[in-house]
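Participant: Before anything else, here's the structure in question.
Each reported figure results from applying straightforward, stated rules to the coordinates on display, with no laboratory input. Computed from a predicted structure; not experimentally measured. All Cβ positions, glycine included, derive from the backbone under ideal geometry; neighbour counts span all protein chains shown.
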Amino acid sequence: MKTLRRLVPVSVVTAFAALCVWGLVTVAQTTAIVAPGSVAGRVASAAVAGTPVADSGAPMQRCPRTGCAATSCHGAVGAPPPRVSGQPGVAGGAQPTAMLREVEFEFDDD
Amino acid sequence: MKQRHRVVLDLALLAIMLLVANPAKTGLGVHEWLGIAIAVPALLHLALNWDWVGSTIRTLFTKMAWDRRTNLVIDTALFMSLVTVAVSGIAISRIAVPALGALATPLWHALHGVSAIGVVAMSVAHTVMHTKWVANASARIVPEEQR
C-alpha cells in the first residue's frame, strides 16, 4: 500500500520530466536553437529540409537512379561511377568504386 | 515489499532492459511493446526506493558520503536517459504508437540513439554500484543448503 502511494509522486515527477524533454525538443526543432555546424545542428537543418540523415548527423543524398540513401553517392551527382570490369552484378555502377575495389583482392594460398 | 520480491523485480527489470536494448535480435514490435511495458517495473523500482531519493535530495548540500553522491548522479542521469529514450521512442514508434509517426523527425531518431546509449551505460554503472546489495540480498533469500 505504501509503495502504491509512492507511485503518485513518482508518476508526477516522471510525467513532468517527459513533458520537459518533449517541450525542449519541440522548441529546438521549431526555433532552430541548435548550434549550426554541430551534429545536432546538421540533424535539425536536415529535418527542416526533409532529407534523411546518417547516424553521424551528415545529411544523406537520395540516389535518383537506385533510390539508395548515402552521405555521398556517385549516382546522385549525375555522372555514373567508373565500372570495374569482370564484377558480376554491378548494373549501372551504383556502388562507390572503393567498395568494388575491395572485392578485387587476391589471396595467396601459400 | 519483501527482500525476495525486490530482488526478483530488479532482476526482471534488468532482463527486460537487456532485451529492449537489442532491437536487432528481438524485432521492432517486441522492442517497442517491451519498451512501453518496462515502465511498470521501472516506476515500481523507483517507488520502492523513493525514500532514499527523498532523503538524499534533502541532504544534497550537506556532507554526504562519496558513494551516496555518486549514486545520486548516476541515478539522475539514468532517470533522465530513460525518460528521454521513452519519449523519443514513442515519437518515432512505427508499430506500438504509429499515430505519432508524423513526429518521427531525424532529431527524435538521433535523440533516441544517444539516450539509449546513456541508458545502457548508466544501467551498467547503477548495477555495479549496487553489486554488494544484490549479493547480500541474494545470499539472504537463497537457503543455506542450496548454496
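Participant: Identify, among B:Ala65, B:Gln3, B:Val97, the residue whose Cα sits farthest towards the positive end of the charge dipole of chain B, taking +1 on the Cβ of Lys and Arg and -1 on the Cβ of Asp and Glu, with the dipole about the Cα centre.
Facilitator: The residue sitting farthest along the positive end of the dipole is B:Ala65.
Participant: Also, I was wondering about something else. Rounded if a/c is under 1.5, else prolate if a/b is larger than b/c, else oblate: which is the range B:9-147, with a ≥ b ≥ c the root eigenvalues of its Cα gyration tensor?
Facilitator: Oblate, because a/c is 1.5 or more while a/b does not exceed b/c.
Participant: Also, I was wondering about something else. Once you wrap a convex hull around the alpha carbon atoms of the range B:28-78, what is its projected area averaged over all directions, in nm²?
Facilitator: About 4.2 nm², averaged over all directions.
Participant: Additional query: Can you work out the FRET efficiency for the pair B:Thr131 and B:Ile95, with r the C-beta to C-beta distance and R0 = 51 Å, to the nearest 0.05?
Facilitator: That pair, B:Thr131 with B:Ile95, gives E of 0.90.
Participant: For B:Leu11 paired with B:Ser138, estimate the spin-label separation in nm (one decimal), with each label point 7 Å from Cα along the Cα-to-Cβ line.
Facilitator: In this crude spin-label approximation the distance works out to 0.8 nm.
Participant: Roughly how big is the range B:19-81's charge dipole about its Cα centre, with Cβ charges of +1 (Lys, Arg) and -1 (Asp, Glu), in debye to the nearest 20?
Facilitator: 220
Participant: A further question on this structure: Per residue of the range B:57-72, in order, report the coupling 6.51 cos²θ - 1.76 cosθ + 1.60 (Karplus, θ = phi - 60°) as ³J(HN,Hα) in whole Hz, putting x for Gly and Pro.
Facilitator: Result, rounded to whole Hz: 5, 5, 9, 4, 9, 10, 5, 9, 4, 4, 5, 5, 5, 4, 4, 5.
Participant: Contour minus end-to-end for B:Ala77 and B:Trp52, with contour as 0.36 nm per residue of separation and end-to-end as the Cα-Cα distance?
Facilitator: 7.4 nm
Participant: Right, next: Tell me, what ³J(HN,Hα) does each residue in the range B:6-18 have, in order and in whole Hz, if you take phi through Karplus 6.51 cos²θ - 1.76 cosθ + 1.60 with θ = phi - 60° and put x for Gly and Pro?
Facilitator: Karplus-based 3J(HN,Hα) across the range B:6-18 equals 5, 5, 4, 4, 5, 5, 5, 4, 5, 5, 5, 4, 5 Hz.
Participant: If you don't mind, another one. Read phi for every residue in the range B:46-54 and hand back ³J(HN,Hα) as whole Hz from Karplus 6.51 cos²θ - 1.76 cosθ + 1.60, θ = phi - 60°, with x for Gly and Pro.
Facilitator: Ordered by residue, 3J(HN,Hα) equals 5, 5, 5, 10, 5, 4, 4, 4, x Hz.
Participant: Starting from the Cα of A:Met1, step 7 Å toward the Cβ, then list every residue of the range B:1-25 with an amide N under 15 Å from that point.
Facilitator: Counting backbone N atoms under 15 Å from the label point, the list is B:1.
Participant: Skipping prolines and chain starts, which residues have an amide H placed within reach, meaning under 5 Å, of the one on B:His130, given they are 5 or more residues away or on another chain?
Facilitator: none
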